[in-house]
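Below is one structure, written out as structure tokens; the observations come after it.
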Amino acid sequence: MKRSLTIFLLFLWQYASFAQQVNTDNLSKLLEFCDATKADEILISHKGSIVTHWKRTDFSEIQGNASLAECNTPFMGTASMVKSWTGLVIGILVDKGLIKNIDELVCSYIPEWEAGCRNKITIRHLLTMTAGMNRLGGSGVLSKADMNHYVMNMQPDTLPGIRFSYSNESVQLLGIIIEKVTKKKADDAFEKYLFQPMRIDSTTFSRDSVGNVVLYGGCTTTVQNAHKIGLLMLNKGVFDGQRIVSAQWINESTTPGSLVPYYGYLWWIDKNSKYWNYAATGDLGQMTIVFPELDLVFVRKQSCDLSPASRNMSWMGPKFLELITSIVN
């Protein structure tokens, strides 16, 4: 009887503590906003505990060609979110000495890329989107049958280190470096160095027509797995008590580069909001946002609504971020 009373009192204490930390009214407003902006699934944690895991049940107003079964999938397309994960794997390989440092020339690993050798492009340039390549969208690597062949023969538009320009091609080149130093296909390297240590399952990469692993987008995972990556970042490279990547790498990844104040090593950085945050994001609003000062991780999935409004992501902005942070302050 005494033990049962103790457990009951502990439950009441934990519930009261949760109630003090989370503003349930603001949480409801946030979920209403996510519903209105066509999200399919939301997972939020505060201080390591799940605050909510919301899933859409009504797809009647969703615009898209997918069937209901496809809309209600448990899987999450990462889109460009996986770029940020690629940065983590590069960090792990630096920690292990397989990459000496990120100021090494890409030419040391990919001598076939003659333009990269000639322009002295470094791994840092690829990580920070300053390698001198313009964003090509559908006319670039995205449309090529042999993506690795394409990026190893492409010409930069400017010299490196001059400007920021978001580029799928830069991340595909990082994937080739990962394969060179690990002597594994890129997805196998992810499995060994990132996924297995973090018990990340149900995650697969796209491949191009000739079998190259695509690392700038197209990965399929789950909201729970994306949340694990958020916790890894929040805890400075530690997951479930195990060091996965160095704290130094996490700090550098979330520190703005010299050319723009909003990008680190493949992570978007927001220093303008009331609570600074960094994010892995992708088309349609696939995202993992970490708020270090609040000990808060937010994951959003959208897989069904393909309307122009969803593609434009016009809802993404200060109001959205304020709604997230309002649930714990």
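The values are calculated or read from the model by the stated rules, or taken from the named source; none is laboratory data. Because the structure is a prediction, the values reported are computed rather than measured. Please note: Cβ atoms are built from the backbone with ideal geometry, for glycine as well, and neighbour counts cover all protein chains shown.
In table form, for the structure just shown:
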| read-out | value |
| --- | --- |
| Enumeration of residues in the stretch 256-310 that are among the polar types (S, T, N, Q), in a strand (DSSP E or B) and over 11 Å from the mean Cα position of the chain (by Cα) | Asn277 |
| First in the stretch 300-321 and surrounded by fewer than 20 Cβ atoms within 10 Å (Cβ to Cβ), second anywhere and hydroxyl-bearing (Ser, Thr, Tyr) and at pLDDT 85 or above, Cβ under 7 Å, 6 or more apart | Trp315/Thr37; Pro318/Ser273 |
| All positions within the stretch 110-129 that are buried (at least 18 other Cβ atoms within 10 Å of the Cβ), touching a helix residue (DSSP H, G or I) at 6+ places or on another chain (Cβ under 7 Å) and assigned to a helix (DSSP H, G or I) | Gly116, Ile123, Leu126, Leu127 |
| Residue list for the stretch 124-167, restricted to those being touching a Lys or Arg at 6+ places or on another chain (Cβ under 8 Å) and not small (Gly, Ala, Ser) | Thr130, Tyr150, Pro160, Tyr166 |
| Filtered residues of the stretch 253-270 (kept if of a type outside the set (A, V, I, L, M, F, W, C), in contact (Cβ under 8 Å) with a residue 40 or more places away in the chain and out of contact with any Asp or Glu (no Cβ under 8 Å at 6 or more places or on another chain)) | Ser253, Gly257, Tyr263, Asp270 |
| Of the criteria (1) in contact with an Asp or Glu (Cβ under 6 Å, 6 or more places away or on another chain); (2) crowded, with 22+ Cβ neighbours inside 10 Å, which one Gly175 fails | (1) |
| Residue match in the stretch 36-56 (condition: under 23 Å from Gly282 (Cβ atoms) and assigned to a helix (DSSP H, G or I)) | yes |
| Pair list, Cβ < 8 Å and 6+ apart or interchain, from the stretch 200-212 residues that are closer than 18 Å to Ile176 by Cα and at pLDDT 95 or above to residues that are acidic (Asp, Glu) and part of a loop (DSSP other than H, G, I, E, B) | Asp208/Asp146; Ser209/Asp146; Val210/Asp146; Asn212/Asp146 |
| Answer from Asp201, Asp188, Asp208 - the residue that is surrounded by fewer than 19 Cβ atoms within 10 Å (Cβ to Cβ) and farther than 21 Å from Leu127 by Cα | Asp201 |
| Count of residues meeting criterion [within 16 Å of Gly175 (Cα to Cα) and among the charged types (D, E, K, R)] in the stretch 69-112 | 3 |
| Failed criterion for Val181 (all others in (1) closer than 16 Å to Ile90 by Cβ; (2) surrounded by fewer than 21 Cβ atoms within 10 Å (Cβ to Cβ); (3) touching a His at 6+ places or on another chain (Cβ under 8 Å) hold) | (3) |
| Qualifying residue in the stretch 130-139 (condition: in a helix (DSSP H, G or I), of a type in the set (A, V, I, L, M, F, W, C) and at negative phi) | no |
| Residue in the stretch 186-196 that is assigned to a helix (DSSP H, G or I) and in contact with a Lys or Arg (Cβ under 6 Å, 6 or more places away or on another chain) present | no |
| Filtered residues of the stretch 130-171 (kept if of a type in the set (A, V, I, L, M), more than 18 Å from Trp85 (Cα to Cα) and in contact with a helix residue (DSSP H, G or I) (Cβ under 8 Å, 6 or more places away or on another chain)) | Ala131, Met133, Leu136, Val141, Leu142, Met147, Val151, Met152, Met154 |
| Whichever residue in the stretch 94-109 is crowded, with 18+ Cβ neighbours inside 10 Å and in contact with a helix residue (DSSP H, G or I) (Cβ under 6 Å, 6 or more places away or on another chain) and, among such residues, is nearest to Leu259 (Cα to Cα) | Ile102 |
| Unmet requirement for Gly217, which otherwise passes all of (1) buried (at least 21 other Cβ atoms within 10 Å of the Cβ); (2) within 21 Å of Ile99 (Cα to Cα) | (2) |
| Residue selected from the stretch 140-154 under the condition not in a loop (DSSP other than H, G, I, E, B) and not β-branched (Val, Ile, Thr), by the criterion nearest to the chain's Cα centre (by Cα) | Leu142 |
